[in-house]
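My structure is below; once you've seen it, I'll send some questions.
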Amino acid sequence: MADTLNIGTSALLSLQRAISTTGHNIANVNTEGYSRQRVEFATLPPQRTGAGFLGTGVTIGSITRSFDQFLADDVRARTSSSTGVELFRDLASRMDGILADPAVGLGPALDSFFSSIQDVANNPSSLPERQVLLGEAQGLADRFQYLDTRFRELGAEVNVRIENAVRDINSLARSIADLNEQVVRATAQAGGQPPNDLLDARDRAINQLAEQIGVTTVTQDDGAINVLVGNGQALVVGFNAEALATFTDPFDPTRTNVGIAGLPTQGDIGRFLSGGQLGAALDFRSRVLDGTRNELGLLATGVASTFNAQHRNGLDLNGQLGGDFFRPLTPTVVDSNANTGTAAVTAAIDDASALTGDSYRLSFDGAQWTLRNETTGSAQTGAGPAFSVDGVTVTISGTPAAGDAFLIDPVAQGANLFEVVVPNAAAIAAAGPLRSAASPGNAGSGTLTGLAVEDPSGLPLATPVTLTFNPDALGAGVPGYDVAGVPGGPIAFDPASDSGGIEVTLAGATFTLGGQPVAGDVLTIENNVDGVGDNRNALALGALQGAPVLNGGQASYQDAYASLVAGVAVQTRQATTAANTESALLQQAIDARDSAQGVNLDEEAANLLRYQQAYQAAAQVIAVADEVFQTLLAATRR
């Protein structure tokens with residue numbers, strides 16, 4: 001009877017644990033990341049008898065959790081991707097909203113500004129129209145500065161998100177390392193049996209880490225998990241956790257970078273990190289925010305440079321040559337704060353149409369300088385003292401030391417520093433500084449048209465410039481114009497072949513000679529004295545609105561801004577599509593994992609009933625064993 005009693009007792013104990021495990025499952029049906037546990041029953045070693053082996057009962061071989069590594073990895077990867085693209089979409093949508101809003105966008109301001117220039121061209125001597133132009137110019141400057149401020153606010157928010165993500169990553173890494181130690185210790189103490197709840201806790205921590213950054217896990221033989229980020233950077237190894245750190249960019253105090261804590265010299269590893277909140281923040285900054293700010297700065301710098309150049313070619317109401325209308329914008333040059341030499345670097349914009357919006361890093365290796373484009377990676381090397389790249393001239397002075405570095409950003413401050421500097425309405429140079437006339441006594445039909453100043457440095461003219469037609473101006477019977485008043489003559493012109501017009505550059509001005517002059521005909525170029533009703537420079541300023549003066553002569557102001565807006569809109573739309581897709585894929589991955597690992601209340605209820613019935617049957621076995629034993633005792637008393 002002892003065998004029957006022991007068998008019943010083993011069944012009761014095993015079934016009690018099975019019922020407890022089922023209750024544990026039911027209790028944690030709503031616990032995030034909980035994996036259903038199941039009891040693995042095993043027969044006790046049988047007893048050998050002369051008639052064969054006799055069973056001795058049951059025991060619990062193990063309590064394991066329902067776990068599928070592939071499904072768990074899929075959920076982790078989808079979590080990292082979905083969390084990242086959602087943040088990227090949210091940030092990009094906000095930037096898209098700023099640019100597309102007509103109340104604050106740049107497009108309407110550009111239209112209003114150039115419309116007011118046309119009003120000045122229609123009535124160049126009127127002060128009210130000029131005053132309106134000044135107001136619209138200030139409105140344009142305000143829009144540039146407003147957009148730049150909003151972008152800087154987004155940059156500051158990205159910095160905060162980076163710092164918060166790094167703090168959470170370090171905290172979770174320490175938790176995972178601690179859980180690794182607990183898992184390994186508990187497994188050893190239990191003789192190799194898995195500590196299921198600790199394993200779930202560690203998986204939850206890793207999933208939370210995946211929300212912050214993309215991770216790769218490697219399981220060790222002792223049950224600990226190593227966690228890698230980026231391109232294989234170890235974050236957790238066994239019981240030890242490395243830490244990420246944030247630091248201020250040496251070239252930009254408003255920018256937060258990510259590095260490895262504890263290193264004597266911090267290096268930016270942000271370009272190697274992806275996924276999760278941190279990866280999305282870094283990705284948004286590098287792919288959208290930086291590029292958009294640079295394009296806005298490029299547009300502001302291009303407007304200021306090209307508009308100023310044309311304005312300087314005009315004449316204001318006071319009879320003075322035009323000055324700068326907008327503040328001249330120059331490249332920003334910043335050293336790394338770690339330079340030990342005495343080298344100084346300056347940069348100047350030579351050709352605004354050649355600007356690309358890229359920044360450049362200038363570094364000295366002890367023997368030569370290297371100027372590298374931070375966007376394309378293209379580089380040029382040399383001893384200096386000057387480099388020319390994309391419309392910018394970089395000049396070096398002083399004595400450098402190995403390791404010295406500078407960052408040259410031609411347009412970084414363009415939108416922020418864009419402002420109106422023309423002092424008053426009368427100083428708007430709407431007139432052309434020169435005028436032309438044909439002598440009243442000319443017998444022919446020679447003409448001088450399209451007079452426009454290209455270089456005002458030689459103005460005003462000391463004396464009028466006269467062009468006198470001479471059938472033998474160049475000798476050997478070659479006709480043309482003799483020039484008096486400035487160097488540059490004679491000018492070849494053959495009425496037989498050139499009457500349709502030839503373009504000429506003289507005294508810093510361009511013009512077209514045409515018609516049928518005869519010997520002695522005189523054309524005159526002179527200062528436009530009292531030319532208050534002249535609107536030629538105002539028309540030239542207005543023509544800049546649609547002129548291809550940016551991006552290597554491929555884009556106008558409106559084209560450049562439209563391209564900027566469209567670029568952000570496309571990235572926002574792509575991010576929205578990706579976020580919707582990743583959300584659906586994440587839900588599918590969670591559903592697949594939960595179907596394999598989650599608690600099913602119907603199944604647990606069935607198990608509970610089954611174990612209860614088995615428990616009652618085991619109790620009956622013990623009762624039978626007791627009854628048989630009592631019968632045996634009663635028989636021995638007779």
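Which count do you get for residues in the stretch 148-183 that are touching a Phe, Trp or Tyr at 6+ places or on another chain (Cβ under 7 Å) and either among the acidic types (Asp, Glu) or modelled with pLDDT under 95 (or both)? Steps first, please.
Here is the first cut: in the stretch 148-183, the ones touching a Phe, Trp or Tyr at 6+ places or on another chain (Cβ under 7 Å) are 158, 177, 180-181.
Subsequent filtering for residues that are either among the acidic types (Asp, Glu) or modelled with pLDDT under 95 (or both) retains 181.
Selection size over the stretch 148-183: 1.
Now for a different question. Please state which of the following conditions residue 300 fails to meet, knowing it meets all the rest: (1) more than 30 Å from residue 426 (Cβ to Cβ); (2) of a type in the set (A, V, I, L, M, F, W, C); (3) more than 18 Å from the chain's Cα centre (by Cα).
Failing condition for residue 300: (1).
How many residues are without any contact (Cβ under 8 Å) to a residue 12 or more places away in the chain and among the charged types (D, E, K, R) if we restrict to the stretch 453-493?
Counting residues in the stretch 453-493 that are without any contact (Cβ under 8 Å) to a residue 12 or more places away in the chain and among the charged types (D, E, K, R) gives 1.
Could you say which residue among 89, 94 is assigned to a helix (DSSP H, G or I), modelled with pLDDT of 95 or more and within 30 Å of the chain's Cα centre (by Cα)? Working first, answer last.
Details: 94 fails: modelled with pLDDT of 95 or more.
None of the other options fit; the residue is 89.
While we're on this one: Have a look at 425, 438, 405, 431 and point out the one that is open to solvent by 20 Å² or more (accessible area, probe 1.4 Å) and either among the aliphatic types (A, V, I, L, M) or modelled with pLDDT of 95 or more (or both).
Working: 425 fails: open to solvent by 20 Å² or more (accessible area, probe 1.4 Å); 405 fails: open to solvent by 20 Å² or more (accessible area, probe 1.4 Å); 431 fails: open to solvent by 20 Å² or more (accessible area, probe 1.4 Å).
Exactly one residue qualifies, and that residue is 438.
Which one of these does residue 332 not meet: (1) touching a residue at least 12 places away in the same chain (Cβ under 8 Å); (2) more than 30 Å from residue 541 (Cβ to Cβ); (3) open to solvent by 20 Å² or more (accessible area, probe 1.4 Å)?
Unmet for residue 332, out of (1) touching a residue at least 12 places away in the same chain (Cβ under 8 Å); (2) more than 30 Å from residue 541 (Cβ to Cβ); (3) open to solvent by 20 Å² or more (accessible area, probe 1.4 Å): (2).
Test residue 61 against the criterion of being free of Cβ contacts under 8 Å to residues at least 60 places away in the same chain, touching a Pro at 6+ places or on another chain (Cβ under 6 Å) and either among the aliphatic types (A, V, I, L, M) or open to solvent by 30 Å² or more (accessible area, probe 1.4 Å) (or both), and give yes or no.
In short, no.
Of the residues 531, 508, which single one is closer than 30 Å to residue 126 by Cβ, in contact with a helix residue (DSSP H, G or I) (Cβ under 6 Å, 6 or more places away or on another chain) and open to solvent by less than 60 Å² (accessible area, probe 1.4 Å)? Full working, then the answer.
Working: 531 fails: in contact with a helix residue (DSSP H, G or I) (Cβ under 6 Å, 6 or more places away or on another chain).
Answer to the check: 508.
Look through the stretch 272-291, keep the residues that are part of a helix (DSSP H, G or I) and open to solvent by 20 Å² or more (accessible area, probe 1.4 Å), and return whichever of them is nearest to residue 564 (Cα to Cα).
The first filter runs over the stretch 272-291 and keeps only residues part of a helix (DSSP H, G or I), leaving 272, 276-291.
Still in the list and also open to solvent by 20 Å² or more (accessible area, probe 1.4 Å): 272, 277, 283, 286-287, 290-291.
On the way: 272: 27, 277: 25, 283: 18, 286: 15, 287: 13, 290: 12, 291: 9 Å.
Here the answer is 291.
Taking the options 48, 78, name whichever one is open to solvent by 60 Å² or more (accessible area, probe 1.4 Å), farther than 23 Å from residue 194 by Cα and in contact with a helix residue (DSSP H, G or I) (Cβ under 7 Å, 6 or more places away or on another chain).
Details: 48 fails: in contact with a helix residue (DSSP H, G or I) (Cβ under 7 Å, 6 or more places away or on another chain).
Of the residues listed, the single one that is open to solvent by 60 Å² or more (accessible area, probe 1.4 Å), farther than 23 Å from residue 194 by Cα and in contact with a helix residue (DSSP H, G or I) (Cβ under 7 Å, 6 or more places away or on another chain) is 78.
Can I ask one more? Since residue 85 meets every condition but one in (1) under 15 Å from residue 430 (Cβ atoms); (2) open to solvent by 10 Å² or more (accessible area, probe 1.4 Å); (3) of a type in the set (A, V, I, L, M, F, W, C), which condition does it not meet?
(1)
Taking the criterion of being assigned to a strand (DSSP E or B), free of Cβ contacts under 8 Å to residues at least 60 places away in the same chain, open to solvent by less than 50 Å² (accessible area, probe 1.4 Å) and not hydrophobic (A, V, I, L, M, F, W, C), would at least one residue in the stretch 242-255 satisfy it? Don't jump to the end; show me each part of the working.
Step one: of the stretch 242-255, the residues assigned to a strand (DSSP E or B) are 244-249, 252-255.
Then keep just the ones that are free of Cβ contacts under 8 Å to residues at least 60 places away in the same chain; that gives 247-249, 253.
Okay, now just the ones that are also open to solvent by less than 50 Å² (accessible area, probe 1.4 Å), so 247, 249.
This time we only want the ones that are not hydrophobic (A, V, I, L, M, F, W, C), so: 249.
The answer is yes; a qualifying residue exists.
A further question on this structure: Only residues that are free of Cβ contacts under 8 Å to residues at least 60 places away in the same chain and among the polar types (S, T, N, Q): list them for the stretch 398-423, please.
Scanning the stretch 398-423 gives a single hit, 399.
Something else about it: From the list 434, 459, 448, pick out the single residue that is touching a Pro at 6+ places or on another chain (Cβ under 6 Å) and under 30 Å from residue 318 (Cβ atoms).
Numbers: 434 fails: touching a Pro at 6+ places or on another chain (Cβ under 6 Å); 448 fails: touching a Pro at 6+ places or on another chain (Cβ under 6 Å).
None of the others qualify; the one that does is 459.
Show the residue pairs that are 6+ apart or on different chains and have beta-carbon atoms under 8 Å apart, the first residue being within the stretch 14-32 and in contact (Cβ under 8 Å) with a residue 24 or more places away in the chain and closer than 17 Å to residue 603 by Cβ, the second being of a type in the set (Lys, Arg) and outside any helix (DSSP H, G or I).
Short answer, once both residue conditions are applied: 21/38; 25/36.
Oh, and also: Would you please list the contacts, defined by Cβ atoms under 8 Å and residues six or more apart or on different chains, that run from a residue in the stretch 503-529 that is without any contact (Cβ under 8 Å) to a residue 12 or more places away in the chain and farther than 15 Å from residue 450 by Cα to a residue that is of a type in the set (Val, Ile, Thr) and assigned to a strand (DSSP E or B)?
none
Can I ask one more? If we scan the stretch 343-363, do we find a residue that is part of a loop (DSSP other than H, G, I, E, B), at pLDDT 90 or above, under 27 Å from the mean Cα position of the chain (by Cα) and among the acidic types (Asp, Glu)?
yes
Check residue 323 against each of (1) crowded, with 18+ Cβ neighbours inside 10 Å; (2) over 18 Å from the mean Cα position of the chain (by Cα); (3) over 25 Å from residue 146 (Cα atoms) and name the one condition it does not meet.
Every condition holds for residue 323 apart from (1).
Additional query: Please report, ordered by residue number, the helices (runs of 4 or more DSSP H) entirely within the stretch 521-638 with at least 2 residues that are farther than 26 Å from residue 433 by Cα. Spell out how you get there, then give the answer.
Values: elements: 536-543, 557-597, 601-636.
Fully inside the stretch 521-638 and qualifying: 557-597, 601-636.
Okay, moving on. In the list 550, 539, which residue meets the criterion of being open to solvent by 50 Å² or more (accessible area, probe 1.4 Å) and in contact with a helix residue (DSSP H, G or I) (Cβ under 7 Å, 6 or more places away or on another chain)? Before the answer, list the steps.
Numbers: 550 fails: open to solvent by 50 Å² or more (accessible area, probe 1.4 Å).
When all the criteria are applied, what remains is 539.
Would you confirm whether any residue within the stretch 155-162 is in contact (Cβ under 8 Å) with a residue 12 or more places away in the chain, open to solvent by 20 Å² or more (accessible area, probe 1.4 Å) and over 28 Å from residue 413 (Cβ atoms)?
Scanning the stretch 155-162, I find no residue that is in contact (Cβ under 8 Å) with a residue 12 or more places away in the chain, open to solvent by 20 Å² or more (accessible area, probe 1.4 Å) and over 28 Å from residue 413 (Cβ atoms), so the answer is no.
On the given criteria, is residue 606 over 30 Å from residue 285 (Cα atoms) and either small (Gly, Ala, Ser) or open to solvent by less than 80 Å² (accessible area, probe 1.4 Å) (or both)? Even if it seems obvious, please write down each step before you answer.
Details: over 30 Å from residue 285 (Cα atoms): yes; either small (Gly, Ala, Ser) or open to solvent by less than 80 Å² (accessible area, probe 1.4 Å) (or both): yes.
In short, yes.
The values are calculated or read from the model by the stated rules, or taken from the named source; none is laboratory data. A quick note: this is a predicted structure, and the numbers were derived from the prediction, not measured. Virtual Cβ from ideal backbone geometry, glycine too; neighbours counted across all protein chains shown. Note: accessible area is taken over every heavy atom of the protein model, side chains too, but ligands, DNA and RNA are not part of it. Shrake-Rupley method; radii C 1.70, N 1.55, O 1.52, S 1.80 Å.
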